[in-house]
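First up is the structure itself, then whatever we jot down about it.
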Amino acid sequence: MTAYAQLEDRLGNKGIDLADLKASLNAQAIETPSWGYGNSGTRFKTFAWPGAARTVFEKIDDAERVHKLTGIAPSIALHIPWDKVDDY
């Protein structure tokens, strides 16, 4: 018996339908925070890293790439007022 079939049996014994579980996971969407794409840190120090987004537009571009690679993160939560610009 394959590991997948064993999982299906174990979940079935607990009353969990694997097809329903997969459908729920496929419907899931995660909103990522914009501050996660730039340099971050604490009130005492910022920890810079190469390639970090410098503007809100670069953060949005990075979030788009994350969604393209994962298929599960279609939106970004902007961190206002730090990400505020005159024209989005």
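Values quoted throughout were computed directly from the atomic coordinates according to the rules given, and no laboratory measurement underlies them. Owing to the predicted nature of the structure, the values given are computational and were not obtained by experimental measurement. Here Cβ is always computed from backbone atoms with ideal geometry, including for glycine, and neighbour counts include all displayed protein chains.
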Task: Cross-chain or 6+ apart pairs with Cβ under 7 Å, the range 1-12 first and of a type in the set (D, E), then not in a helix (DSSP H, G or I) - done: none
Open item on the list: Among the residues of the range 57-75, what is the count of those that are touching a Phe, Trp or Tyr at 6+ places or on another chain (Cβ under 8 Å) and of a type in the set (A, V, I, L, M, F, W, C)?
Closed with: 1
Task: Pairs where the first residue, in the range 21-42, is within 30 Å of E8 (Cα to Cα) and the second is assigned to a helix (DSSP H, G or I), C-beta under 8 Å, 6+ apart - done: L21/L11
TODO: Count, please, the residues in the range 18-47 that happen to be more than 15 Å from L78 (Cβ to Cβ), in a helix (DSSP H, G or I) and either touching a strand residue (DSSP E or B) at 6+ places or on another chain (Cβ under 6 Å) or among the hydroxyl-bearing types (S, T, Y) (or both).
DONE: 1
